[in-house]
Amino acid sequence: MTEESTVGTVLVVGAGIAGIKSALELAETGYKVILTDNSPHIGGILQKLDHQFPSDHCGMCRMLPLIGRENASQHCMRKSLFHDNIEILPFTEVKSVQGDEGAYAVELVRQPRYVNTDICNGLGACIDVCPVEAPDEFNNGLTMRKAIYQPVPHNVPQMLLVDMQVCTKCGECVKVCPSNAINLEAQEESRTVDVNAIILAAGSALYDPATDEDAAAYTVSKDVVTSLTFERILSGSGTYDGVIRRPSDGKAAKRIAWIQCVGSRNRRQGRDYCSSICCMFALKEAVLAHEKGGPDIETTIFYMDMRTFGKDFYQYREKAEEQYGVRLVRCRAQSVLREADGTLLVRYLDPASGEFKHGAFDMVVLSTGQAPFKEHEKLAKLLGVKVSASGLLPVMDFEKVKLTKPGVFICGSLMGLTDISEAITSGVAAAGEASKLLTSVGVKTVEEEPVLERPVDREQPLVAVILCSCKGVKTPEGFDLEPLTSAIESIHGVGEVHVVDSPCREEGHQELQEILERTKCNRLLLGACLPYVYRQKLRRIARAAGFLPSLVEVFDLMNLARHGLPGANGIDWVHLATVEMRAAVEKLKLAEALHVHNLPIQQSALVVGGGVAGMRAAISLAERGVEVHLVEKSGQLGGHAGSDLHYTVDGLDPIGLATGLKQALEGQKNITVHLNTEVVSTKGAIGCFTTTVRNGDGGEVSTLQHGAVILATGGREGRTSEYGYGQSEKILTQVELEKRLAAGEIDAGSLGNVVMIQCVGSREKGAREYCSRICCAAALKNAFKILEKNPETRIYILNRDMMTYGFLEKYYTKARGEGIIFINYDLGQKPEVQIADDKPVVKFTDPVLQMPLEVTADLLVLATGIEPSPSNKELAEIFGVPLNQDGFFAEADSKWRPVEFKKLGIYLAGTAHSPLPLGETIMQAEAAAHKAYAYLSRRTIQTARVVSKVHDAICARCQVCVEICPYNARAYDKDLNCIVVDSAACQACGLCAVACPNKAAEVPGWSEKQTLAVIDAKLWGDRSKQRAGKEVVA
């Protein structure tokens, strides 16, 4: 490793949401990250999606850091990503990997774009003259684009690309390019990087029905579209501006059908898996169709199993059905026919009548699921590992992100087929595993050197203005800074004006820095291009010269010039720019000198709950040198998995897992275990919590100091009195069956009929209104165990939907192949149980035969699901965090912040979050541990410069600001009788200032005086134009 690489560096391969999240987490911890993607842009599939359930809005920006947010871009993540510690390399592939854990040499090959994006001015003259058109991939072929184009229209900066598969090399684009940015003979570039760890986040593709003969029965019209194409139809930036129209003729589509499982759950084509996301995707799109299409929209979803298995998924299904009227039909649609008038007829077997019917629709949406990239096999060869039969990279037992090859981790769809929440969690967990490795090999983190800031509080405001000339590279024709410079020099408060060539690039940095170091001005206004891209870099240069970032503004001069030059409606660009610059100067003159504050941090953590999640989180933190207090209410560690689960459907040993974690705890000097202990009270905020715990009832009370909290309280098997439970020894729960099978207490040889009933007390109002996620896999594993001992046993599994999502589908297929009988029921016709001759008799209706059946069972096994821990309610009140309607802890954002609370410094993992399989429990524990470590590893927590404050003298203590704060950054302190602000948590969103009736809440940095001054400056422009007009008339 070279001397420069003493700062830890991680290569993240794949810049979808999982890869981006990993990169951000590592960058925030202080490591350097190289983020690559083989596509020409970052963001993956999410770049095309405007909406994600359950909010049905975009939320990618919620991935961004909350503390230390000034080091990263705080803008729309669908446009781009900027962070001081992240180098982004799109259009780049891994060619080779050499070395070992902690010291890898990776050869990267970057494909040519044929456009130098550093000097391209983005005006698009090349696009206008290009004679070649091709289907636009961004809009899934609904529109056309040129051979030279921008792959993602809303990316900033505009990253143009030449598609050489369709380009004729006519050279027209080269002729009109004013900056010589196009080179049609450009070649790929190779580069070798030294990194300490590798995270693979290559993602997945969506199945293309055009490549599959099975889908030919559906794809009979342009109005049969994929789910991703329908997303582009729904998009306000899409083909039809968010109006739902048929692609064939542009007419409004009012009757829309979705056909599920297109391209998945298909053994014949080797796709024996469920894509995991399609059911919720379809429900979301149906809901959005109603919202955008009006009251006369009709939506129908044809499905086999509606797999609403995630947290709050089932409630979303209920909302879709009850509130929006989405119609769900359980069947496999046979075909789609096109009528002469364009109407589409879906032929399906009606489950109610058992007869084939035709449904008439204006549009049909094919729910095309995820398909693993072939990239997986290529990566496996590079790393020298073998993929599984399912095409997955090999991981350690119970691990989802730890590859069998040391120093290499995976996240996102490389683990299997994931939704957004799991992808984000895996990204954090993979970053955590890489962080542990980097800590062990002794590399450094980036530490910002202290800068002596200029004392400006007692000085008169004096603004230095720097204008970028861009050496003529990005400037439009007719751009001349001399008249603008003269106009700016006359503005009151401007001390000096300079023109610098390309201050945003390396060649201009030195000139800019020299000017700033010798100037006597105390405020800085930079007129350049793309503030979105260059603001952070320019502010960093200014800060190195002693300028406070709050007194530096970056103004988009080039964009303004392009709108005011000849051909742009005859606007005088110099006058326009002068007005805007005057307004910016007035704002700067009244700007406050805002400083960061360093808050102390207690570098220790409290973990509440000694199950698998709690133990793993504690160990993960302790391995990085963090002192941990592990509090467990019972007298033993291990939780539900450590005592009740003896095997998994894929043959792993949960009790062995828990035992291994206990042994690891015993060898950790950084962990103090508190058994028979419960939390009594807590106070404080991130970095400085004080928690009181009590050992036993009325026992010893002690106080713990810590900087972070992880809640991992677990859950318990659901309780029931349905179906005769408790009336016969032959009626068991799935957990009881597993225990007795493992202990050899059940004579499998005597079992003739076994009936299993799923969703007992679950997924219905007045009970557990959620799916416990693990019950279907539990039923399958116990059924297999019975058949292993007695292949002659007849097993019936009565279910509402088999939640064998992802690659669990293969076990569902295996079960059917081994003769296990699956029978659907719904809440309107639940099974009935009677006891006859000491045996349960189960009565139910077979939906295929359309007739009632009766089975006398030797065993009746009930899947009663998982309940939250009873202690959750008390802990929620103690720590000031919310519960959801089901009694599980409610995270800050179900998609983008799944292991965090809105209250900073407190995290959650495992069944405290929701029922989870063990692999996902481990992953959440690692993610929560890393989120805590990211702050605990610092000596102090640095607040942002802009933090809300309270004018106590005029505060009415009404607490409106406390209730409205979305970040839990405000609280009422009873002892002090005042509103206090957690300056680390505050994001300066301004809601408190808007809501406060007395104007006691204020967000510095944009005062009323500044607002009025800016308005006055803008009005000056109008007045000066009027005066000029009168002089001309005179």
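Observations on the structure shown:
- Residue match in the stretch 776-796 (condition: surrounded by fewer than 19 Cβ atoms within 10 Å (Cβ to Cβ), modelled with pLDDT of 95 or more, part of a loop (DSSP other than H, G, I, E, B) and touching a helix residue (DSSP H, G or I) at 6+ places or on another chain (Cβ under 6 Å)): yes
- Check on residue 96, farther than 29 Å from residue 534 by Cβ and either in contact (Cβ under 8 Å) with a residue 12 or more places away in the chain or charged (D, E, K, R) (or both): yes
- Pair list, Cβ < 7 Å and 6+ apart or interchain, from the stretch 433-448 residues that are closer than 20 Å to residue 399 by Cβ to residues that are among the aliphatic types (A, V, I, L, M) and buried (at least 17 other Cβ atoms within 10 Å of the Cβ): 433/401; 434/10; 434/26; 434/197; 434/199; 435/26; 437/197; 438/197
- Among (1) without any contact (Cβ under 8 Å) to a residue 40 or more places away in the chain; (2) touching an Asp or Glu at 6+ places or on another chain (Cβ under 9 Å); (3) not aliphatic (A, V, I, L, M) - the single one residue 192 does not satisfy: (1)
- Residue match in the stretch 630-652 (condition: in contact with a Pro (Cβ under 9 Å, 6 or more places away or on another chain), of a type in the set (D, E, K, R), under 22 Å from residue 920 (Cα atoms) and not assigned by TED's automatic domain parsing to the domain that holds residue 811): yes
- Considering (1) under 26 Å from residue 645 (Cα atoms); (2) in contact with a Lys or Arg (Cβ under 9 Å, 6 or more places away or on another chain); (3) of a type outside the set (S, T, N, Q), the lone condition that residue 411 does not fulfil carries the number (1).
- Some residue of the stretch 348-355 being over 26 Å from the mean Cα position of the chain (by Cα), surrounded by fewer than 14 Cβ atoms within 10 Å (Cβ to Cβ) and not in a loop (DSSP other than H, G, I, E, B): no
- Some residue of the stretch 45-53 being at pLDDT below 90 and on the phi > 0 side of the Ramachandran plot: no
- Residue count for the stretch 389-420 satisfying the condition of being at negative phi and assigned to a loop (DSSP other than H, G, I, E, B): 17.
- Residues being touching a residue at least 60 places away in the same chain (Cβ under 8 Å) and touching a Gly at 6+ places or on another chain (Cβ under 8 Å) - total across the stretch 338-361: 1
- Residues of the stretch 356-388 that turn out to be within 22 Å of residue 233 (Cα to Cα) and either assigned to a strand (DSSP E or B) or among the charged types (D, E, K, R) (or both), as a count: 10
- Note on the stretch 885-919: residues that are within 29 Å of residue 649 (Cβ to Cβ) and free of Cβ contacts under 8 Å to residues at least 40 places away in the same chain amount to 2.
- Scope the stretch 878-894; condition within 15 Å of residue 770 (Cβ to Cβ) and either part of a loop (DSSP other than H, G, I, E, B) or not assigned by TED's automatic domain parsing to the domain that holds residue 689 (or both); matching residues: 884, 885, 886, 887, 888, 890, 891, 894
- Breaking point among (1) surrounded by fewer than 13 Cβ atoms within 10 Å (Cβ to Cβ); (2) modelled with pLDDT of 90 or more; (3) within 23 Å of residue 594 (Cβ to Cβ), for residue 966: (2)
- Candidates 404, 418, filtered to the one that is surrounded by fewer than 22 Cβ atoms within 10 Å (Cβ to Cβ) and polar (S, T, N, Q): 404
- A Cβ distance below 9 Å, combined with a sequence gap of six or more or placement on separate chains, defines the contacts here; from the stretch 931-959, residues that are among the acidic types (Asp, Glu) reach residues that are crowded, with 22+ Cβ neighbours inside 10 Å in the pairs 952/979.
- When the stretch 824-856 is filtered for residues that are farther than 14 Å from residue 799 by Cα, surrounded by 12 or more Cβ atoms within 10 Å (Cβ to Cβ) and within 46 Å of the chain's Cα centre (by Cα), only 833 remains.
- Some residue of the stretch 241-259 being assigned by TED's automatic domain parsing to the domain that holds residue 297, under 25 Å from the mean Cα position of the chain (by Cα) and either of a type outside the set (A, V, I, L, M) or crowded, with 18+ Cβ neighbours inside 10 Å (or both): yes
- Qualifying residue in the stretch 179-188 (condition: within 33 Å of the chain's Cα centre (by Cα) and over 15 Å from residue 142 (Cβ atoms)): yes
- Boolean, residue 749 is modelled with pLDDT under 95 and either touching a Ser or Thr at 6+ places or on another chain (Cβ under 7 Å) or not in a loop (DSSP other than H, G, I, E, B) (or both): yes
- Conditions (1) in contact with a Gly (Cβ under 8 Å, 6 or more places away or on another chain); (2) in contact (Cβ under 8 Å) with a residue 24 or more places away in the chain; number of the one not met by residue 767: (2)
- Residue 75 being farther than 25 Å from residue 422 by Cβ and within 16 Å of the chain's Cα centre (by Cα): yes
- Residues of the stretch 687-728 classified as modelled with pLDDT of 95 or more and loosely packed, with under 14 Cβ neighbours inside 10 Å, total: 2
- Residue match in the stretch 809-819 (condition: in a strand (DSSP E or B), touching a helix residue (DSSP H, G or I) at 6+ places or on another chain (Cβ under 7 Å), at pLDDT 95 or above and not polar (S, T, N, Q)): no
- Restricted to the stretch 587-685, the set of strands (runs of 3 or more DSSP E) holding at least 2 residues that are buried (at least 22 other Cβ atoms within 10 Å of the Cβ) and not hydrophobic (A, V, I, L, M, F, W, C) is empty.
- Top-ranked residue of the stretch 514-543 - restricted to ones that are in a helix (DSSP H, G or I) and of a type in the set (A, V, I, L, M, F, W, C), ranked as farthest from residue 454 (Cα to Cα): 533
The values are calculated or read from the model by the stated rules, or taken from the named source; none is laboratory data. Model, not experiment: these values are computed from the prediction. Note that each Cβ is placed from the backbone with ideal geometry, even for glycine, and that neighbours are counted across all protein chains shown.
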